[in-house]
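Below is one structure, written out as structure tokens, with a few remarks after it.
The values are calculated or read from the model by the stated rules, or taken from the named source; none is laboratory data. What you are looking at is a predicted structure, and each value in this text was computed from that prediction instead of being measured. Virtual Cβ from ideal backbone geometry, glycine too; neighbours counted across all protein chains shown.
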Amino acid sequence: MIVLGIESSCDDTAVALYRPGSEEQFSEVVSRQYQIHDPYGGVVPELASRSHLEAVPNITRELLEKSNVKLSDVDLIAATNGPGLTGALIVGLTFAKGLALSAGKPFVPVNHIEAHMFAATAENDVEYPFLALVISGGHTLLALVRSTDDYEIIGRTRDDAAGEALDKGAKILGLPMPGGLNLALRAEKGQRGTPDGTRFPRAYLKPSFDFSFSGVKTALLYHVQKNPPKSEEALCNVAADYVEAIMDVLVKKAVRAAREFKVKTIVVGGGVSSNSRLRELFKNRSRGKDALKVIFPSLPLCTDNARMIAARGFQVFKKKGPGDLGADVFSTFVN
């Protein structure tokens, strides 16, 4: 079985091949747009869509050639159908459905958030039920996952998601795109609890499992206005305290949810799941008598990628069969 996955929900164009059960499961080509959007301080939807339009046929051809695979060898084609930027999604979806129609291959639309939710299951044996923590761009959520097609969202963001708070924090500190990544790199170099930083507020919202990160972002803005970092070292220290405040909430809330719903495994997904401090904090929770098992996807499966789209497409196809090749296959959010 060979699955071709296409991802174009925001500012990365990615195409991947997935061979379930094979020794080399994934191959992928990604085209990034950081330099295009950096002068504007954020993703410009029209520019993103145009870049996808230019990139997707070229990187698909490149992937097939370097993998020594013909389109006729592909058994299934999957593409992101939401959530995301409408124009960007249209490009990837239209291209994927055109390929499927011309080659006579089944097509499956894939929800981007679901793909993050199940990304780690493509590389790990995960027992159900588990608690999923998805931390991707504008979405932060907790879900109780009972099977590949049965889950219940128990908490979601009320305002700024964790990824947004990291990107906006990077902008406040004057860091270039990709903001969240550059902020995380500074935080790794910094020290927490120094006079440069502060103990930024945490919004735990008990007893709810919802998230709110707008307050910590505003606290960073006020802190930097009153105490602008005067050196790279000071900036890194502020970044370390800021990242700590966000990761602390994510970990404590996920652990509390796992205890309350009596599950022993937490599966993390989304771009923020690559954060080293988040992984370190969760590692500390996976020790001792009452330890929880915490599973992360490998780094290529964390950020927006076509590997997870292909893998989730395969899961959906096994359960529900092919999707509709008609015009309306958009999904605005995870069920």
Considering only residues of segment 295-312 that are of a type in the set (A, V, I, L, M, F, W, C) and in a loop (DSSP other than H, G, I, E, B), which is nearest to residue 13 (Cα to Cα)? 302
Could you grab me the full set of residues in segment 84-107 that are surrounded by fewer than 21 Cβ atoms within 10 Å (Cβ to Cβ) and over 24 Å from the mean Cα position of the chain (by Cα)? 98, 99, 101, 102, 103, 104, 105, 106
With the structure loaded, tell me whether residue 60 is surrounded by fewer than 16 Cβ atoms within 10 Å (Cβ to Cβ), among the β-branched types (Val, Ile, Thr), more than 24 Å from residue 176 (Cα to Cα) and outside the structural domain of residue 132 (by TED's automatic domain parsing) or whether it fails that test. no
Among the residues of segment 115-130, is any outside the structural domain of residue 31 (by TED's automatic domain parsing), in a strand (DSSP E or B) and crowded, with 17+ Cβ neighbours inside 10 Å? yes
What single numbered condition from (1) within 16 Å of the chain's Cα centre (by Cα); (2) at pLDDT 95 or above; (3) in a loop (DSSP other than H, G, I, E, B) fails to hold for residue 334? (2)
Answer yes or no as to whether residue 155 is among the small types (Gly, Ala, Ser), farther than 24 Å from residue 4 by Cβ and part of a strand (DSSP E or B). yes
Which of the residues that make up segment 140-194 are under 18 Å from residue 250 (Cβ atoms), of a type in the set (Lys, Arg) and out of contact with any Gly (no Cβ under 8 Å at 6 or more places or on another chain)? 156, 158, 192
Counting only residues that are over 19 Å from residue 308 (Cβ atoms) and within 23 Å of the chain's Cα centre (by Cα), segment 44-83 contains a total of 9
Output for segment 163-219, where each listed residue is buried (at least 16 other Cβ atoms within 10 Å of the Cβ), part of a loop (DSSP other than H, G, I, E, B) and of a type in the set (A, V, I, L, M): 173, 175, 177, 203
The number of residues in segment 47-75 that are of a type in the set (A, V, I, L, M) and outside any helix (DSSP H, G or I) is 2
Among what's in segment 256-294 and is part of a helix (DSSP H, G or I) and of a type in the set (S, T, N, Q), pick the residue that is surrounded by the fewest Cβ atoms within 10 Å (Cβ to Cβ). 284
Members of segment 72-97 found to be out of contact with any Pro (no Cβ under 9 Å at 6 or more places or on another chain) and acidic (Asp, Glu), listed by number: 73
